[in-house]
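Below is one structure, written out as structure tokens; comments come after it.
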Amino acid sequence: MAAHILVPVDGSSQSELAVDTAIALAGCFSARVTVFHALASERGYALATVPPFVDRSLLVQHTLQEIHGLISQQTHRYLRDLVAHHQQADTTPSAVAMGWECVESDAADRAILDTAHRLGCDLIVMASHGRRGLEAVLMGRETLKVLSHSDLPVLVVPPPTSQSNPQR
């Protein structure tokens, strides 16, 4: 039984599928869902770490500090809008309370685990992107890192299987 579920998101459709899964579970237990994102610190930025929901065209016109502020603003807006969308959706059970959390960290896996403990979560629901090879090394394996270090249960939502997904 889960009372509070943490769902880390990175802006991908796969992580948003994990939110849907967490909400469905939460509906069974009248649990709370917290959508979470670990925002890279100002010193930790590389263009490759900028989430897909951030308008990259703005980034070439600003200093690193300004970029961090822009990314932070857009991240908070994304999380707020994602939660609002689900709270207004007919598919979200009324018994499911939702919130969002964003923390600054250069170690997303550590931030996920620390936040889960700080908020009293008893389940983490995460996406698995199904990346392999060099892409997995470059993008990191946050789900694997969380699985390896968590003392909480972690539910991994696999990528959808399809003919167009040669990784499966």
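The values are calculated or read from the model by the stated rules, or taken from the named source; none is laboratory data. Owing to the predicted nature of the structure, the values given are computational and were not obtained by experimental measurement. Positions of Cβ are generated from backbone atoms using ideal geometry, with glycine treated the same way; all protein chains shown enter the neighbour counts. The protein model used for the area step is the full one, side chains on, heavy atoms only, and it has no ligands, DNA or RNA in it. Shrake-Rupley method; radii C 1.70, N 1.55, O 1.52, S 1.80 Å.
Electrostatic bookkeeping for Arg110 treats Lys and Arg as +1 and Asp and Glu as -1; over the other residues with beta carbon under 15 Å from its beta carbon, the sum is -4. Ordered from largest to smallest accessible area (heavy atoms of protein chains, 1.4 Å probe), the residues His85, His129 come out as His85, His129. Amide H contacts for Glu104 (H built 1.01 Å from N in the peptide plane; partners 5 or more residues away or on another chain; cut-off under 5 Å): Leu39.
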